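Report on the following structure.
The values are calculated or read from the model by the stated rules, or taken from the named source; none is laboratory data. None of the values given here were measured: they were computed from a predicted structure. Cβ atoms come from the backbone with ideal geometry, glycine included; neighbour counts cover every protein chain shown.
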Amino acid sequence: MIRGRMYVWAGSSGATLLFLSSLLSTPAADTNAAPAPAATPATVSSTVASPAARTPAQPAQFIRVGFPAGLFRDVPEVLIQAAATPFKKTLHKELGLHGDMVVVPDYKALAEQLRDGKLEIGVFHGFEYAWIKDTPGIVPLVVTHPTCGRVQACLVVHTDCPAQGPQQLKGACIAIPRGCKAHCLLFLERLRNDPAIPTGDCCPMKPAGQSAEEVLDAVVAGTCVAALVDIGTLQAYRELKPGLAQKLKVLAQSPPLPPAVIVWRQGSLTPEQIAKIREGLLSCHKTPIGRTFTHFWQLECFKEVTPEYLTLVEDCLKHYPPAK
């Protein structure tokens, strides 16, 4: 079923496209109420610029939302294009704006296009936002809050596995499920850079297109040594198959990482426009359609940018600095 496959793809942040296309169409509880102050994110840190500053004199009439291509890992092109139409319609219906989605090669290109005025809004993985957070004019708007409560990568093996650490996993023995999350791939990449791990060991197996559930089943069955999954996926497997899950253990895991973040280019939208977008995202989980989409995409809700989130971003930089 397509719905089942989409649930697997929800493992990647590419789902954010559908978040925006659906959640922006969710009305606030009181459409006559004054919009929430757009400057709230600025209160969490002196390094976060006030959204009220450098705003245009006239409301923007066209909005471009950028996504790095890595957000759409294993998502068919047809699904991406299918999501573009409702995205454009909701922008026009709810904000009176024409708009478009723009997929760029990577997070660097996304930051550059925001900085250069080619985009108004962008979506970053949390660890990628850590790498570009000091780019002038890029302001965090809201952050995602995953259902499991945190973003973390796990290297999972059978409880009978004799390995005491990743350095003892020999050859190409790690199954990477279809739609594997970007922070999991980052974790494995940096793990393999550890001098303690010999070249050629702790490597991914040849892609087989299996789901996360299937690769964990394979570890339980002993047909696969290890699997790379997100903590949320592992928790879901434990709930779905508690008996089999008892045969799994986490051999290694990343530190908690910052969730994905939606940013905007300072000066591109009026405070009223930003407030409406922000409030729509923050309140989406309170409506039936919003709850449907947040549950479907494994999110509890969107949240404000807090000091705790910014601390997580700084900690991420210590563990995973940008590649040289």
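Worth a mention:
- Set 276, 247: member being in contact (Cβ under 8 Å) with a residue 12 or more places away in the chain and either over 26 Å from residue 134 (Cα atoms) or not assigned by TED's automatic domain parsing to the domain that holds residue 97 (or both): 247
- Among the residues listed as 247, 286, the single one being at pLDDT 95 or above and of a type in the set (D, E, K, R): 247
A quick yes/no check of all residues on (1) over 18 Å from residue 124 (Cα atoms); (2) in a loop (DSSP other than H, G, I, E, B); (3) modelled with pLDDT of 85 or more:
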residue	(1), (2), (3)
259	no, yes, yes
267	yes, yes, yes
278	no, no, yes
281	no, no, no
290	yes, no, no
295	yes, no, no
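- Which numbered condition residue 223 fails, given (1) within 30 Å of residue 119 (Cβ to Cβ); (2) hydroxyl-bearing (Ser, Thr, Tyr); (3) not assigned by TED's automatic domain parsing to the domain that holds residue 63: (1)
- Set side by side, the residues 161, 180, 148 differ, and just one is surrounded by fewer than 23 Cβ atoms within 10 Å (Cβ to Cβ) and at pLDDT below 95, which is 148.
- Selection of first residues in region 169-196 that are in contact (Cβ under 8 Å) with a residue 24 or more places away in the chain and outside the structural domain of residue 75 (by TED's automatic domain parsing) and of second residues that are in a helix (DSSP H, G or I) and among the aromatic types (Phe, Trp, Tyr), restricted to Cβ pairs under 9 Å at least 6 apart or on distinct chains, gives the following pairs, ordered by first then second residue: 178/9; 179/9; 182/127; 183/127; 186/127.
- Considering region 93-128, and only residues there that are modelled with pLDDT of 90 or more and of a type in the set (D, E, K, R), the residue that is surrounded by the most Cβ atoms within 10 Å (Cβ to Cβ) turns out to be 128.
- For region 202-213, the condition of being free of Cβ contacts under 8 Å to residues at least 40 places away in the same chain, buried (at least 23 other Cβ atoms within 10 Å of the Cβ) and among the hydrophobic types (A, V, I, L, M, F, W, C) holds for at least one residue.
- Matching residues, region 111-132, being within 18 Å of residue 182 (Cα to Cα) and charged (D, E, K, R): 128
- Helices (runs of 4 or more DSSP H) lying entirely in region 134-249 (those with 2 or more residues that are of a type in the set (D, E, K, R) and under 20 Å from residue 320 (Cα atoms)): 182-192
- Any chance residue 255 is modelled with pLDDT of 95 or more, surrounded by fewer than 16 Cβ atoms within 10 Å (Cβ to Cβ), on the phi < 0 side of the Ramachandran plot and within 23 Å of the chain's Cα centre (by Cα): yes
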